[in-house]
Amino acid sequence: MEVGSLDLCNPDTFVEGVPHEYFALLRREAPLYWHEDKTTGVGFWAVTKHADLVAVNRDTSTYSSFLRTSLFGEFDPTLLDQQRMMLVNMDPPLHTRYRRLGNKGFVLLVRALFGARYSDLCYGYNAFWRRVLPQLDLDADGFEIETMLNIRAFKAGLVIKEVPSFEAERIHGVGRLATFPDGWRVLKTIWRERRASGARGESGSR
């Protein structure tokens, strides 16, 4: 294996899992590597050392997701404006503001429709006993999964406890939430759960 032997833009590269051996090679021999996209002819810098990733992630004025997006390829002005509406392509503080605003709206809606007293619906850390999985019957495959889990746990009458937590700025990696498409999926999930509750006459408890 040598630097440049794998195409990181090709999804097939990751079918068998993350190519950890190749990334280790990049960290040793080319920690800042220009990777050509063979499909679009554009390219990107592959940053593979942890300290460098932290520095890049914290310096959004220099390494902006908003200016040219965090996606492969280049976009014409119209498509670029559309892509900038995705949360993954926003920089702080706008990114944080939109995320918090959307989450607050969903929380208030679930409180009104179900009577649940949640303070957060979209936080990704949830713990529950395996034995309650049949009651939850989860079938979502996107960012709406946390909302579905919380609503169904409430409707099933499970004892729910929220543990206060603090979410600091992201240290590494990027969020992949698409503000409006994923927000729409969450909203549709809330509405479907409400309609299902009305049809079955369900009521939850805390």
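Assorted remarks:
- Remark: pairs (first residue in segment 136-165, on the phi > 0 side of the Ramachandran plot; second residue part of a loop (DSSP other than H, G, I, E, B) and at pLDDT below 90; Cβ separation under 8 Å; 6+ apart in sequence or on different chains) = Gly157/Gly204; Gly157/Ser205.
- Some residue of segment 78-85 being in a loop (DSSP other than H, G, I, E, B) and either more than 23 Å from Val3 (Cβ to Cβ) or at pLDDT 70 or above (or both): yes
- Within segment 27-59, being under 11 Å from Cys9 (Cα atoms) and either of a type in the set (S, T, N, Q) or part of a helix (DSSP H, G or I) (or both) holds for Thr39, Thr40.
- Residue count for segment 108-125 satisfying the condition of being farther than 16 Å from Glu193 by Cβ and surrounded by 11 or more Cβ atoms within 10 Å (Cβ to Cβ): 4.
- Residue pairs meeting the criteria (Cβ under 8 Å; at least 6 apart or on separate chains; first surrounded by 10 or more Cβ atoms within 10 Å (Cβ to Cβ) and part of a loop (DSSP other than H, G, I, E, B), in segment 1-26; second modelled with pLDDT under 85 and of a type in the set (Asp, Glu)): Cys9/Asp37
The values are calculated or read from the model by the stated rules, or taken from the named source; none is laboratory data. Values in this document were obtained by computation on a predicted structure and should not be read as measured data. FYI the Cβ positions are ideal-geometry reconstructions off the backbone, even for glycines, and counts take in every protein chain you see.
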